[in-house]
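Written below as structure tokens is the structure these notes are about.
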Amino acid sequence: MLIDSHAHLDDPRFDADRDEVLQRAWDAGIRKILTIGNGSGPDQMACGIPLAEAHEWIYTTVGVHPHDASKVEERHYRLIEKLSKNPRVIAVGEMGLDYFYDNAPRDVQCEVFRQQLRIAKKLELPVIVHTRDADGDTERILRQEAPRAGVIHCFTASGKLADFALEIGFFVAFSGIVTFPKAGLLAEIARRIPPDRILLETDCPYLAPVPHRGKRNEPLYVADTARSVAAFRGVSVDVLAEQTSANFDRLFVA
Ligand SMILES: [Zn+2]
Ligand SMILES: [Zn+2]
């Protein structure tokens, strides 16, 4: 049994064949999917709820992606709180900082990140953190806000940030990027994350792992990432699947 701990199933690229995509994943032994409630902006953060209500094995989140931080108004924070009361919503996010794209001013990204961390803490929900080229501010804000639990998703940051994540009790999730031939440093980080702190994800429809690179990604392909990560760690895919499934349950479901 494998789990895709981070997918964007609401993406329009799944509109034509979403049911088939889910069926393929189920048939291949994917037993849980966490679909992220960001949509294309804070007004769409309920986007994963219909899917999670229709399928017992699909869970969802609500939150604002750093790309959309400029669109946030006070009412969106209240919307996060309101939607989080739905039992199918098991985390707040993804949220965080993206200084690679800089789609919103950095001070705005920091403020929206901070506010969401506070809401999650109040609601006692784990957080899903997106961070790109923003290690310093990510560490500073997480240290100050001290979330109760969470994951750095689609980890591509430094070994130092990985160490910090582990220090504060966070999980570290790897996507198809670890299967890319130039992922040397990342492979090294994936090798040394303790077995009780590692998660796997697709971040689909983005970032399809080798051998599907460049195509639309889908939850089924978490198996390809699992094969790579298991090889780096010198364990079988079954062992890694067992560890990552238990970790998912501990972070999000239990
Ligand atoms: Zn992300
Ligand atoms: Zn994502």
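For the chain, the membrane-span-like helix rule (DSSP H, alpha carbon extent of at least 27 Å along the helix axis, mean Kyte-Doolittle at least 0.5) picks out no helix; this says nothing about an actual membrane. Net length available on complete extension from GLN144 to ASN86 is 18.1 nm, with 0.36 nm assigned per residue and the Cα-Cα distance removed.
What FRET efficiency comes out for the pair ASP133/ARG250, r = Cβ-Cβ distance, R0 = 41 Å, nearest 0.05? E(calc), rounded to 0.05, equals 0.90. In this rough spin-label picture, where each label sits 7 Å from Cα along the Cβ direction, the ALA231-ASP43 distance is 4.6 nm. Between TRP26 and LEU166, the contour length at 0.36 nm per residue exceeds the Cα-Cα span by 47.3 nm. Rounded, prolate or oblate: which fits segment 1-88 when a ≥ b ≥ c are the square roots of the eigenvalues of the alpha-carbon gyration tensor, with rounded for a/c under 1.5 and prolate only if a/b beats b/c? Since a/c reaches 1.5 and a/b is larger than b/c, the shape of segment 1-88 is classed as prolate. If the chain linking SER70 and ASP102 were pulled fully straight, counting 0.36 nm for each residue of separation and taking away their Cα-Cα distance, it would gain 10.4 nm.
Summarising the strand pairing of the chain, around 0 percent of its internal DSSP beta bridges are antiparallel.
Since every read-out is calculated from the coordinates, none of them should be taken as a lab result. Every value quoted in this text rests on a predicted model; they were computed, and no experiment measured them. Ideal geometry is used to build each Cβ from the backbone, glycine not excepted, and the neighbour counts take in all protein chains shown.
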